[in-house]
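Data first, discussion second: the structure below is written as structure tokens.
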Amino acid sequence: MSATLSATYRTLLVSSSESTRGVLTRLLDASDIGIDDMVEPDQVIASVARRAPDLIVLDVEADATALARVSGVLKANPTTLLVPLVGLAKSSKQRLLAFEAGVDDFLTHQVRREEFLVRVRSLLKASATRRQLAAEQLAEEVKRRELIRAAFRRYISPKLADQILASPELLDTMFAGTHKRTQVSVMFADMRGFTALSERLNPEQVVDLLNEFFKLLTDITFEYEGTVFSMAGDSLLVGFGVPVAQEDGAERSIVAAKQMLEKFSELAHRWKDRYGVETGLGIGINVGEVIAGNVGSPAYMNYTIIGDTVNVASRLGQRARAGEMLFSDAVKNLLDKRGVDVGAMPLPSLVLRGRSSPIGIFCVPTATSDRVDFRPN
């Protein structure tokens, strides 16, 4: 069925009656609305898929069940959801049936052409307004989600950011005032020699070096799908297994730490050649239960992790020498349970203030660090 060449608006007629088509042709004659297609009720979806109409005219001489089915299909289809649906019948007897089926307006074959066009154009105008509003709302939602995604990607890997955005439960956890107990592998990475470095260089140079330092560590964190929780001075706090659970979080943290040490060693050599400064990196890792959630005031909130597990990781990070990774016996026990050998070497136990018993600690000597076998789940 060819469309009227001068028509601005395309009409889909849902009918099996040529007489109904003739009536509609008369009503639309010499107007900017043309009949684009005429289909049987069971051909509606195929027609809409080929070309979306601006107006749908439904022949309501059919039975109530068929009318409700066709109208329901049209109102449920995103393509035709906002398209005006006009019921057309030989008499007003079908009026209630048509409205019950879901039409936006009802007219009879005897309607005056002028009235028909005025009422249809009113529907088309309202539909255009609703579509524009829907498009603007969609664009705003896309923009909002992109802003959230961009914000997440400043401290969460892009893959984790997409998982969070796709999960209402995870979004609620991160934005609502809820707190969650969860098993996490916590890492503290501390720069050694930062005080001496900041005394020898001007503030602009110090900022540049810190930016290099944090970029290197966050890139590696994101590679293993960790979450950056804090950048304080010359220290980085990272968690593996939060906000998205990771059974292999301990392995991820060990391999990430190994790569951080190797890459920072290269960076430290460049700094020494450029500025004559000596720096190093020490890393501490612990695993256990933490509280993850938003902490702060109504004016400023920070999504973070707190608990004894974090405190122990911090102490290990402080004790680690330049170029060294220390981790707790909790990490070692979990790695052993999962059958992962990282070539760990035991060190003298660490006694923490306020604890009745010391904590066993381990390190991975440089010579055996390449024994770590890790493949992300």
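General observations
- Check: segment 215-278 dipole with +1 on Lys, Arg Cβ and -1 on Asp, Glu Cβ, in debye: 280
- With only Cα atoms counted, segment 287-336 has Rg and Dmax values of 14.1, 44 Å.
- Looking at segment 263-348, the chymotrypsin sites (Phe, Trp or Tyr not before Pro) that sit in a DSSP loop and have at most 12 other Cβ atoms within 10 Å of their own Cβ are Y300.
- Using Cβ point charges alone (K and R +1, D and E -1), the dipole size of segment 226-373 about the Cα centre works out to roughly 360 debye.
- Working from the Cα coordinates of the chain, the gyration tensor eigenvalues give, after taking √(5λ), semi-axes of 69, 22, 18 Å in decreasing order.
- log10 of Debye I(q)/I(0), alpha-carbon scatterers only, for segment 223-271 at 0.23, 0.26, 0.32 Å⁻¹: -0.90, -1.02, -1.16
- Between the residues L347, G323, L209, the greatest Cα displacement towards the positive end of the dipole of the chain, with unit charges on the Cβ of Lys, Arg, Asp and Glu, is found for L209.
- For the chain, the Cβ-based charge dipole about the Cα centre amounts to some 440 debye (Lys, Arg positive; Asp, Glu negative; other atoms uncharged).
- Of the Cα atoms belonging to segment 182-278, the radius of gyration and Dmax stand at 14.4, 44 Å.
- Convex hull of Cα atoms in segment 248-313, direction-averaged projection (nm²): 6.7
- Carbon plus sulfur fraction of accessible area for the chain, probe 1.4 Å, in percent: 52
- Treating each Cα of segment 40-86 as an identical point scatterer and summing with the Debye formula, the log10 of I(q)/I(0) at q = 0.17, 0.21, 0.27, 0.31 Å⁻¹ comes to -0.43, -0.67, -1.11, -1.40.
- F99-A134 FRET efficiency (beta carbon distance; Förster radius 30 Å; 0.05 resolution): 0.80
- Note that the chain presents 51 Å² accessible area per residue, ligands and nucleic acids not counted, probe 1.4 Å.
- Most mobile of N333, N302, N77 in a GNM of the chain (Cα contacts under 10 Å): N77
- In segment 18-145, the alpha-carbon atoms span a convex hull of 115 Å³ per residue.
- These residues, K143, K263, K93, go from largest to smallest accessible area, 1.4 Å probe, as K93, K143, K263.
- Here K332 is the anchor, and the lysines within straight C-alpha reach of less than 26 Å, apart from those fewer than 8 places off in the same chain, are K180, K258, K263.
- Simple spin-label estimate for I359 and A245 gives 2.4 nm between the two label positions (7 Å along the Cα-to-Cβ direction from each Cα).
The values are calculated or read from the model by the stated rules, or taken from the named source; none is laboratory data. Quick caveat, the model's predicted, so the values are computed rather than measured. Glycine also receives a Cβ, built like all others from the backbone with ideal geometry; neighbour counts cover every protein chain displayed. Surface areas here come from the heavy atoms of the whole protein model, side chains and all, with no ligands, DNA or RNA. Shrake-Rupley method; radii C 1.70, N 1.55, O 1.52, S 1.80 Å.
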